[in-house]
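I'd like to ask you about the structure that follows.
Throughout, read-outs are computed from the coordinates displayed, never taken from laboratory work. Quick caveat, the model's predicted, so the values are computed rather than measured. Cβ: placed from backbone, ideal geometry, glycine included. Neighbour counts: every protein chain shown.
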Amino acid sequence: MSSKKNESNKRLASVVNSMMPYIEQKISGLNLPGLDKDDLRQEAFVALFSAIESFDGSRGAVFSTYAITCINNRLADAVRVSSNGKNRLLNESLPLSDEDDPAVTVAEGSPEETAIAREEFVRVRKKMDAVLSDFEREALLMYSSGYRYAEIAEKKNTTAKAVSNAIQRARKKLRQE
């Protein structure tokens with residue numbers, strides 16, 4: 001069983017490493033007031049991890065295309081939210097040091113740093129499982145995978161407003177922890 005987990009971790013590290021150049025190139029082109037590169041990188045990683053969890057190869061898509069779409073959608077949403085001024089206080093807060101950023105460690109590529117990035121993913125996932133309701137977690141993962149509120153609402157048999165509220169609650173809970 002340990003070999004299956006080890007193989008899974010290797011595949012995860014490989015996917016993250018292969019997507020890093022795209023993520024770095026994409027966020028380097030985004031220069032807007034209030035948009036910190038570290039925050040954008042984090043948004044891109046959340047989208048990537050959501051893409052990993054929600055990818056369905058039977059739908060005929062290639063994973064890299066799916067992941068890039070998820071990342072682009074998530075970054076576009078971050079730009080839109082940043083532009084509306086609602087998160088001004090969050091945008092003006094101090095960033096973590098590069099030592100704490102899993103994207104920086106993965107970009108360097110050493111096995112230890114890849115392991116740290118993997119641990120960060122597991123930590124974030126456990127945090128999501130601990131503080132979010134099932135509906136909040138599912139809505140957030142679907143949203144970060146590129147689904148619109150209306151699409152999520154249809155799949156979950158609820159309203160777009162309920163989905164919006166669940167995603168906002170999830171974000172607030174994750175920021176507080």
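When you count, for each residue, the other Cβ atoms within 10 Å and take the mean per peptide, how do 144-150, 130-136 rank with the highest first?
Result, highest mean first: 144-150, 130-136.
May I ask you to evaluate 6.51 cos²θ - 1.76 cosθ + 1.60, the Karplus curve with θ = phi - 60°, for each residue of the range 10-23 and list the ³J(HN,Hα) values in order in whole Hz, giving x for glycine and proline?
5, 5, 4, 4, 5, 5, 4, 4, 6, 8, 4, x, 5, 4
How do TYR143, TYR22 rank when sorted from fewest to most other Cβ atoms within 10 Å of their own Cβ? All intermediate terms of the calculation are to be shown ahead of the outcome.
On the way: TYR143 25, TYR22 16.
Fewest-to-most Cβ neighbours within 10 Å comes out as TYR22, TYR143.
If packing is taken as the average number of other Cβ atoms within 10 Å across a peptide's residues, how do 117-127, 45-55, 71-81 rank, most packed first?
45-55, 71-81, 117-127
Going by how many other Cβ atoms sit within 10 Å of their own, how do LEU30, LEU40 line up, fewest first?
In order of increasing Cβ crowding within 10 Å: LEU30, LEU40.
Further, regarding this structure: Filter the cross-link list LYS10/LYS126; LYS10/LYS127; LYS127/LYS156; LYS126/LYS156; LYS4/LYS126; LYS4/LYS26 down to pairs whose alpha-carbon distance in this structure exceeds 25 Å.
LYS4/LYS26
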